[in-house]
Amino acid sequence: MWERLRGNLDSNDHPTAACPRGIHGDGSCSCQSSSSAEESGARAGISRIVMLAEALFEVLDQIHQQPMSLSLSMVSLSAPESVVDSFPVKVYSKTERSESADDVSQCYICLAEYEEGDKIRILPCHHEYHVSCVDKWLKEIHGVCPLCRGDVREGSTEGFISN
């Protein structure tokens with residue numbers, strides 16, 4: 001039946017030598033063999049696409065089956081305002097900085113040099129930032145130190161790097 005629909009059989013269901021694409025009229029057509037090669041290549045391509053789609057769905061299923069606690073641990077949550085406000089604040093002084101050579105003189109959030117009188121918040125990990133910069137970071141974006149990624153919401157200094 002398919003052969004007849006393709007035009008490869010005559011009315012008596014005998015194979016014809018006519019070109020199925022109508023290109024070769026002299027009976028020396030080889031389109032049928034190249035056509036089947038193209039079809040098998042197309043089938044192989046479709047088969048690969050289907051296998052990739054199945055693999056993708058397997059991975060997505062595994063991701064969706066992960067415990068919610070694991071998923072939440074990968075997302076950084078902002079810190080409560082009360083926790084952030086509990087961290088000490090100092091006023092920057094260039095004279096204090098000259099006494100301690102290893103003090104940092106720039107905010108690693110905005111990358112601006114500290115100026116005399118700037119308010120600096122000190123995190124439990126001892127990293128220091130402009131109050132306005134670090135408060136926005138901790139309260140609105142991430143509950144971790146921008147430099148060492150220590151979680152400020154835990155309330156302990158375990159795992160923090162000391163300077």
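The values are calculated or read from the model by the stated rules, or taken from the named source; none is laboratory data. The structure presented is a predicted model; accordingly, all values stated were derived computationally and were not measured. Neighbour counts run over all protein chains shown; Cβ positions are idealised from the backbone, glycine included.
Based on this model, can you work out whether Gly117 counts as surrounded by fewer than 14 Cβ atoms within 10 Å (Cβ to Cβ) and modelled with pLDDT of 90 or more? Outline the logic, then answer.
Working: surrounded by fewer than 14 Cβ atoms within 10 Å (Cβ to Cβ): yes; modelled with pLDDT of 90 or more: yes.
Yes: the conditions hold for Gly117.
Looking only at the range 138-150, which residues are out of contact with any helix residue (DSSP H, G or I) (no Cβ under 7 Å at 6 or more places or on another chain) and either surrounded by 20 or more Cβ atoms within 10 Å (Cβ to Cβ) or among the small types (Gly, Ala, Ser) (or both)?
Looking only at the range 138-150, we keep the residues that are out of contact with any helix residue (DSSP H, G or I) (no Cβ under 7 Å at 6 or more places or on another chain), and these are 140-142, 147-150.
Within the range 138-150, just Gly150 meets the criteria.
Only residues that are part of a loop (DSSP other than H, G, I, E, B), under 23 Å from Tyr92 (Cα atoms), modelled with pLDDT of 80 or more and not hydrophobic (A, V, I, L, M, F, W, C): list them for the range 126-163, please.
His126, His127, Pro146
Just name the residue that is nearest to Val89 (Cα to Cα) out of those in the range 104-125 that are part of a loop (DSSP other than H, G, I, E, B) and of a type in the set (A, V, I, L, M).
First pass over the range 104-125, keeping only residues part of a loop (DSSP other than H, G, I, E, B): 104-105, 107-112, 114-118, 123-125.
So of that shortlist, the ones also of a type in the set (A, V, I, L, M) come out as 104, 109, 111-112, 123.
Numbers: Val104: 15, Ile109: 16, Leu111: 19, Ala112: 18, Leu123: 9 Å.
Checking each candidate, the answer is Leu123.
With the condition kept exactly as written, say whether any residue in the range 79-95 is outside any strand (DSSP E or B) and at pLDDT below 85. Walk me through it before giving the result.
Filtering the range 79-95 for residues outside any strand (DSSP E or B) gives 79-88, 92-95.
Remaining after also requiring at pLDDT below 85: 94-95.
Among the residues of the range 79-95, at least one is outside any strand (DSSP E or B) and at pLDDT below 85, which makes the answer yes.
Which one is modelled with the lowest pLDDT among residues in the range 60-71 that are under 18 Å from the mean Cα position of the chain (by Cα) and exposed (fewer than 10 other Cβ atoms within 10 Å of the Cβ)? Walk me through how you get there before you give the answer.
Residues of the range 60-71 that are under 18 Å from the mean Cα position of the chain (by Cα), as a first pass: 60-64, 66, 70-71.
The next check asks that each one be exposed (fewer than 10 other Cβ atoms within 10 Å of the Cβ); those that pass are 61-64, 70.
Values: Asp61: 80, Gln62: 79, Ile63: 74, His64: 74, Leu70: 51.
Among those that are under 18 Å from the mean Cα position of the chain (by Cα) and exposed (fewer than 10 other Cβ atoms within 10 Å of the Cβ), it is Leu70.
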